[in-house]
1. For the stretch 127-150 and the stretch 19-49, write down the distance between their C-alpha centroids in whole Å.
2. Normalising by the residue count of the stretch 87-157, find the relative contact order in percent from Cα pairs under 8 Å and 6+ residues apart.
3. Sorting 52, 78 on the 10 Å Cβ count, fewest up front, what's the list?
4. Under a point spin-label approximation (7 Å from Cα along Cα-to-Cβ), what is the residue 118-residue 65 distance to one decimal in nm?
5. Between 174, 62, 36, which gets the highest mean-square fluctuation from a Gaussian network model of the chain, Cα cutoff 10 Å?
6. Would you please give the FRET efficiency between residue 151 and residue 53, computed as 1/(1 + (r/R0)^6) with r the Cβ-Cβ distance and R0 = 25 Å, to the nearest 0.05?
7. In what sequence do 112, 156, 83 fall when counting other Cβ within 10 Å, fewest first?
8. For a bin width of 5 Å, list the pair-distance distribution of the stretch 34-146 built from all Cα-Cα distances, rounded to whole %.
């Protein structure tokens with residue numbers, strides 16, 4: 001068996017960008033810069049994003065067998081947690097406070113709005129771009145919403161972080177999550193031997 005180890009295939013994010021657009025907005029082609037429909041959530045912490053896949057299953061047991069005769073997949077959720085550093089970014093505030101973005105449009109420099117008594121089901125499309133030199137990873141989610149929010153703590157020693165956890169659902173014509181990888185100039189042909 002060939003040794004295909006290659007240190008150039010390690011990935012250390014040097015930048016992390018989060019963009020949002022209207023629900024089911026199509027993903028940019030390849031790694032093109034997002035069009036005007038996509039808006040950036042600004043600076044995030046150096047931890048970048050924490051992507052989670054959680055799956056649950058149930059074993060079906062039956063008389064006459066010591067092993068389950070079948071396993072049913074009962075749940076598969078995809079989520080991503082990110083901590084934004086721009087605590088006054090209207091997009092970030094809108095997601096954290098669960099209010100439409102228009103609620104944050106200032107009048108005479110001031111925006112005033114009420115938190116919803118019953119949570120809004122505000123959904124958007126999201127892009128999460130990670131770069132390591134010429135290598136890139138993009139996660140595209142056509143239908144997502146914020147389902148968890150960290151504690152808000154304005155402080156004197158640091159900026160106020162805004163922690164958001166997004167959950168993703170199938171889009172109108174796309175999977176809940178699509179990953180694109182640009183290997184840069186790294187040759188990965190050894191992983192895909194020619195068919196005999």
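Where a number appears in this text, it was derived from the coordinates with a stated rule and is not lab data. Please read all numbers here as calculations on a predicted model, not as lab measurements. Glycine also receives a Cβ, built like all others from the backbone with ideal geometry; neighbour counts cover every protein chain displayed.
1. Answer, in whole Å: 7.
2. Values: 64 pairs, mean separation 15.7, N = 71.
Across the stretch 87-157, relative contact order equals 22 percent.
3. 52, 78
4. 4.5
5. Evaluated over the chain, the most mobile residue of the options is 62.
6. My answer for the efficiency is 0.45.
7. The most exposed by this proxy come first: 156, 112, 83.
8. Result, from short to long distances: 2, 8, 14, 17, 16, 11, 9, 7, 6, 4, 3, 2, 1, 0, 0, 0 percent.
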